[in-house]
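S.K.: Before anything else, here's the structure in question.
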């Protein structure tokens, strides 16, 4: 009689309470690891984007300076400063416009002035 009562229970398919607890425990162990990896990935991506923008800006300035210097017809040596960290290059372009490239190391800037 006892076997007859338990046999329908044994034939039922499904998840037992122990299996459910095991699944939840595995989920609780894996989830924080995945969250940590995801958060670190987002942080790295943001940092990498900033570095890419800085490199793009530096490349633009270098190309601009190269084009101005290679297009210059004359360098005004009297108005230029070459012997200090904060340098200044004054030159004339093809249209006889004054072009000045000035480096300010105190403010970490490069200033390009055209036509004046």
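The values are calculated or read from the model by the stated rules, or taken from the named source; none is laboratory data. All figures in this text were calculated on a predicted structure; none of them were measured in a lab. Cβ placement follows ideal geometry from the backbone for every residue including glycine, while neighbour counts extend to all protein chains displayed.
S.K.: Residue 96: over 35 Å from the mean Cα position of the chain (by Cα) and at positive phi, yes or no?
M.R.: Working: over 35 Å from the mean Cα position of the chain (by Cα): yes; at positive phi: yes.
So residue 96 fits the description; yes.
Residues checked against (1) within 24 Å of residue 110 (Cα to Cα); (2) outside the structural domain of residue 110 (by TED's automatic domain parsing); (3) surrounded by 10 or more Cβ atoms within 10 Å (Cβ to Cβ):
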{"position": "23", "(1), (2), (3)": "no, yes, yes"}
{"position": "26", "(1), (2), (3)": "no, yes, yes"}
{"position": "32", "(1), (2), (3)": "no, yes, no"}
{"position": "40", "(1), (2), (3)": "no, yes, yes"}
{"position": "52", "(1), (2), (3)": "yes, yes, yes"}
{"position": "59", "(1), (2), (3)": "yes, yes, yes"}
